[in-house]
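Quick note: the coordinates plus some simple rules give every number you see, no bench work behind them. These numbers were taken from a predicted model, which means no experiment stands behind them. So basically every Cβ, Gly included, is an ideal-geometry build from the backbone, and we count neighbours across all protein chains shown.
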């Protein structure tokens, strides 16, 4: 590995403005700079991006970052560019011109970060260009996706091994927020770690209270909870339609809410997220498309109206509450039919194998790909039209495509929205004497030049609505003007587009030769059964401790009960506790960091007088120190 060009703390301060690292960040950074393959397990909000961005800035060369979340990819690149760090990305949906332009930037522009989606790793052209780039670190975000035992297995991640062959001396940094012990081991095996090397933060969140509420009227209970717990909130549901329905009900109840899902336009998503982050909107009702990359520490409440399919998903989404360390709540609403609905998801997720083969055949027919053709080609794929054309059930067809992806016969890239973008191709002096046919084209060009910067060096996102507002021209005129200037090679205009894609990693097979391996059908089905049974057990248990259940799932032992989940609180209300319980609660909290008196009282679910009495006893006996700043700390 190259030596560090400057101390990592100096880099952290210069570019990100922080004086110190969060727990585990520096350990991971030093491991990477030592050239060791590294797996970092950092819960949501733990600052994963810093662990690869800082060491890359300390190296000569660049980092290749593989991530499946395109919106997060764009956000991180935009953030790095705002810090004057050269970064770019590649994902399905870019034009050939944009892809070639990106290759040139990475080869000759001293770029520090190249973000790619996993399906890009299937391209021989990409691997040939990558071979020439100065890659010094390979980063895999959402690394649980590489493991068949993970809750979101993506077979395309397995092709990272091909990248490792190009750069055998370059270390790999794998990052994820949630992974069971089996997944941790499998990630390292799949990535061919030279030696086991895992850095893991505790999954315990002492400021987060886990609560389960059983109710047949979920929206009524949701309104009651939102009225009882002040502050910013996220409400998770499973369908796009429900986000709008529940949002409307909350607003009718006088609770300021908005909704968010993957089907919205990018500008709408950004506007909603910005208003929520700025506290102009209190509650966001969303699918799981909302949350990745959100840097809002003061979320006081996360409510799941619909039960997720796994504790991994639930823990990650619930963990978006209370990142500032203050008391926050993660509430799961359940009713008696949820168990049946969850178990039904299993049969929906694994349709009959003959049906899967039929879907494979129909995809080839729909796209016009003959037997033996299609190798490494990508096609726009109108999923809804496909289902209507062949009268196929939407959910089963969607899951069949996912299984075919896992089996390696196709790569189904779900709906990607690309914003309109423009790059100026002409020289500045050539822009003054344009002779265009479309009325208003000159106005459109001048508006773009005034509104956006960097147009001569790179593709820049534009918004036709803003241009229309500035020029007074209609959308059709703006569109035709941009197309004409593209034909004239004045600029290159890529219109907005939203579509899924199908990529053929191998040539199209005859249906009878399509084999669905046990490892991607029977094994994954059994794993899904286990995950669903685990969350059912969590949701319907009326004994024990919620946090203990979560920690046990991730193979972490909790010595004590949390004292602030719904089960622990109910036990306290019944008076089912001893002085030792009060003592252990105080010692646990004071052992983590110095605490003020009010923190013990607000966190521990014991009567106030018992807490005061036990605290006084522990100070008198020398177990706890009462410090000058009026905090209490456990004596070493």
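What to note about this one:
- DSSP-defined beta bridges in the chain - what % are antiparallel, rounded to 5: 30 percent
- Spin-label model, residue 345 to residue 466: label points 7 Å out along the Cα-to-beta-carbon direction sit 3.8 nm apart.
- Look at 218, 512 and count the other Cβ atoms within 10 Å of each Cβ; fewest to most, that gives 512, 218.
- For segment 454-606, the fraction of C-alpha pairs farther apart than 29 angstrom is 61 percent.
- Residue 10 paired with residue 239, simple spin-label distance in nm, labels 7 Å along Cα-to-beta-carbon: 5.8 nm
- Summary value for the chain: 12 percent relative contact order, contacts being C-alpha pairs under 8 angstrom separated by 6+ residues.
- Eigenvalues of the alpha-carbon gyration tensor of segment 421-495, scaled by 5 and square-rooted, set the equivalent ellipsoid semi-axes at 16, 14, 11 angstrom, largest first.
- The simple Förster model, with R0 at 25 Å and r as the Cβ-Cβ distance, assigns residue 165 and residue 108 a FRET efficiency of 0.55.
- Model label sites at residue 248 and residue 353, defined 7 Å from Cα along the beta-carbon direction, differ in position by 4.5 nm.
- The calculated FRET efficiency for residue 613 paired with residue 569, based on their beta-carbon distance and R0 = 22 Å, is about 0.65.
- When only alpha carbons are used to place a centre, segment 353-401 and segment 90-124 end up 28 Å from one another.
- Viscosity 1.567 mPa s, 4 °C: Kirkwood-radius Stokes-Einstein D of the chain over Cα pairs, µm²/s: 48 µm²/s
- Added length on full extension, which subtracts the Cα-Cα distance from 0.36 nm per residue, residue 633 to residue 131: 175.3 nm
- A Förster distance of 30 Å, applied to the separation of the beta-carbon atoms of residue 432 and residue 78, puts the FRET efficiency at 0.45.
- Ranked by how many other beta carbons lie within 10 Å on average, peptides 58-64, 514-520 from highest: 58-64, 514-520
- Based on Cα contacts under 8 Å between residues 6+ apart, segment 577-634 shows a relative contact order of 43 percent.
- Centroid-to-centroid separation of segment 504-529 and segment 130-184 [C-alpha atoms, Å]: 22 Å
- Sequence-distant contacts, meaning Cα pairs under 8 Å at least 6 residues apart, place the relative contact order of segment 421-495 at 49 percent.
- Put in line by how crowded their Cβ is, counting other Cβ atoms within 10 Å and starting with the fewest, 284, 589 read 589, 284.
- Listed by Cβ neighbour count within 10 Å, with the fewest neighbours leading, 562, 190 appear as 190, 562.
- Stokes-Einstein D in µm²/s, Kirkwood radius over Cα pairs - segment 129-213 at 10 °C with 1.306 mPa s viscosity: 110 µm²/s
- Under 14 Å from the residue 335 label point (7 Å along Cα→beta-carbon), backbone N, segment 281-322: 305-307
- Separation of segment 230-278 from segment 336-351 is 26 Å, based on Cα centroids.
- Within segment 310-341, backbone nitrogen closer than 19 Å to the virtual label 7 Å beyond the Cα of residue 533 toward Cβ: 310-313, 338-341
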